[in-house]
Amino acid sequence: MSGISVALRVRPLNSREQGTTAAARCLTVDEAGSSLQYTGRDPPPNANFSFDRVLGEASTQADTFEGLKDTVASVLEGFNATVLAYGQTGSGKTHTLLGDVSSPTERGVVPRAVAELAQGMARYPECRFKVTLSVIEIYNERIKDLLDPAKDNLQVIQDPVRGITVAEATELPVAGERDCVELMQLGIANRAVSATAMNAGSSRSHCVIYVVVEKAHADGRVEFGKLCLVDLAGSERQDKTGAVGQTATEGNLINKSLSALGNVVNALTDPKGGKHIPYRDSKLTRVLQDSLGGTARTVLIICCSPSLFNDAETLSSLRFGVRAKGIQNSVQANAVRRTPEQLAKALAAAQAEVEALKA
Ligand code: ADP
Ligand code: MG
């Protein structure tokens, strides 16, 4: 068993916050270490928080990716890996995951991960690789295929080889980083967005990008690994955004998925143990079943604002991260598939052994 890894990333104060009372900070980060202190209003009795990594305001996209490299690379060895970005709207989730995809320094985790995988593949000249991309959105408890928006009610299944899978999601073959980024942008352009008072460009949906790698060895064995990158909807309480009507209903359903996520995290980290894990309570938790308490390697990035204006949301995100640190996964590689010829050979060998034992 190994705990999921939890990183905390603090974005810099933005131009609206600078020079106002909101410029006061609610966090003091120990830049050299992995802890920080909450200095906002209503501090808890212990206001010190520690995580596997703390990325302060000055952290770069490269710093952020550094801590994910091994997790990403394990996909080439037949593991499933998940990177989740959690936090209130405007806290830096999309910046962290995507960033400016065309800038070598400002590109985020996803393009870096694809580049890392491409580099890793070059180390196995004897293997043949097939890489595919899927992009889905969970919106109002429906799963929509962002690479084919006509498919808007996809189902989650447990596949014997691939584990938890969104059935019938379009899988486009990708050749290299640029190809992948272009297709991904196409998908993201289809993401449903509705402006709220809090952030005009804010997204009210959860977006999941899958990069699937199949690695065929010369002897016919096929290894399979899946990288799952999740840009969660804003974790803020609905009342602060001033949403009404249609958007408020969306908020309830988004909160359904997020509160189900909280319930799953609570059940997994319950000190008494043995609890039923309510994965089936929402589409989001079902999609993440492998990643939380399952066999995948998982990194959770808690994104937060340092501004005093956002202190309550930042504290709530810190607490979520602390709870999630207790989640244990039993990391396991996916089953290796064999070709029919290999299976026949293995069967013949076993039969010969049985005959030999009989004799
Ligand atoms: P979210 O996806 O959580 O709603 P965004 O990633 O869109 O938030 O970030 C909100 C704004 O803050 C964007 O303009 C983004 O470019 C900026 N931002 C977020 N994190 C950082 C960072 N670490 N460094 C610089 N700018 C950032
Ligand atoms: Mg975003």
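Toward the positive end of the charge dipole of the chain, with +1 on the Cβ of Lys and Arg and -1 on the Cβ of Asp and Glu, the farthest Cα among P271, S134, V299 is that of P271. Students often get this wrong: which residues of segment 82-119 have the backbone nitrogen under 16 Å from the point 7 angstrom along Cα-to-C-beta of N14? Within reach of a label on N14, which here means backbone N under 16 Å from a point 7 Å along Cα→Cβ, segment 82-119 contributes 87-100. When the chain is treated as a Gaussian network with alpha carbon springs shorter than 10 Å, the biggest mean-square fluctuation among V265, V287, V222 belongs to V222. The Cα center of segment 256-316 and the Cα center of segment 110-129 differ in position by 30 Å.
What a 1.4 Å probe finds exposed on the chain is 52% carbon and sulfur by accessible area, rounded to a whole percent. Ranking I209, I188 from most to least accessible surface, computed with a 1.4 Å probe over the protein chains only, gives I188, I209.
Note on the chain: GNM, Cα springs under 10 Å; of D42, D145, D281, the largest mean-square fluctuation is that of D42.
A simple spin-label model places pseudo-atoms 7 Å from Cα toward Cβ; at D70 and A175 they are separated by 3.5 nm. The mean sequence distance of close C-alpha pairs (under 8 Å, at least 6 residues apart), as a share of the length of segment 70-195, puts its relative contact order at 19 percent.
Computed over the chain, the per-residue total of -39500 (n - 2.57) for DSSP H runs of n ≥ 4 gives a 222 nm mean residue ellipticity of -9000 deg cm²/dmol, rounded to 500. Take the Cα of R142, step 7 Å toward its Cβ, do the same at A47, and the gap between the two points is 4.6 nm. At full extension, C127 and N266 could sit 45.9 nm farther apart than now, given 0.36 nm per residue minus the alpha carbon distance. Counting only aspartates and glutamates at least 8 places from K283 when in the same chain, those with an alpha carbon closer than 12 Å to its own are E137, E141. Built from the Cα atoms of segment 294-359, the convex hull projects on average onto 7.7 nm², one quarter of its surface area.
Need one number: % antiparallel among DSSP beta bridges in the chain, to the nearest 5. If I count the DSSP bridges inside the chain, around 65 percent turn out antiparallel. Each of T105 and K256 was given a label point 7 Å from its Cα along the Cα-to-Cβ line. The distance between the two points is 4.5 nm. The angle between the Cα long axis of helix 311-324 and the main principal axis of the chain comes to about 30°, on a 0 to 90 degree scale. Taking H276, H217 and ordering them by how much accessible surface each has at a 1.4 Å probe, largest first, produces H276, H217.
Summing Cβ point charges (Lys, Arg +1; Asp, Glu -1) relative to the Cα centre of segment 96-187 gives a dipole of roughly 260 debye. Under 17 Å Cα-Cα from K345, which aspartates and glutamates qualify once same-chain neighbours fewer than 8 residues away are excluded? Qualifying aspartates and glutamates at Cα under 17 Å: D219, E353, E355. Hey, in the GNM for the chain with a 10 angstrom Cα cutoff, which one of T96, T60, T285 fluctuates hardest? Among T96, T60, T285, the largest mean-square fluctuation in the Gaussian network model of the chain belongs to T60.
Using the 1.4 Å probe convention, the accessible area of the chain works out to 45 Å² per residue with neighbouring protein chains retained.
Electrostatic tally near R11: other residues with Cβ closer than 11 Å to its Cβ, Lys and Arg +1, Asp and Glu -1, net 0.
The values are calculated or read from the model by the stated rules, or taken from the named source; none is laboratory data. Just so it is clear, the structure is predicted and the values come from calculations on it, not from any experiment. A quick note on method: Cβ atoms are made from the backbone with ideal geometry, for glycine too, and the neighbour counts reach across all protein chains shown. In case anyone asks, the SASA skips ligands and DNA or RNA and just uses the protein heavy atoms, side chains included. Shrake-Rupley method; radii C 1.70, N 1.55, O 1.52, S 1.80 Å.
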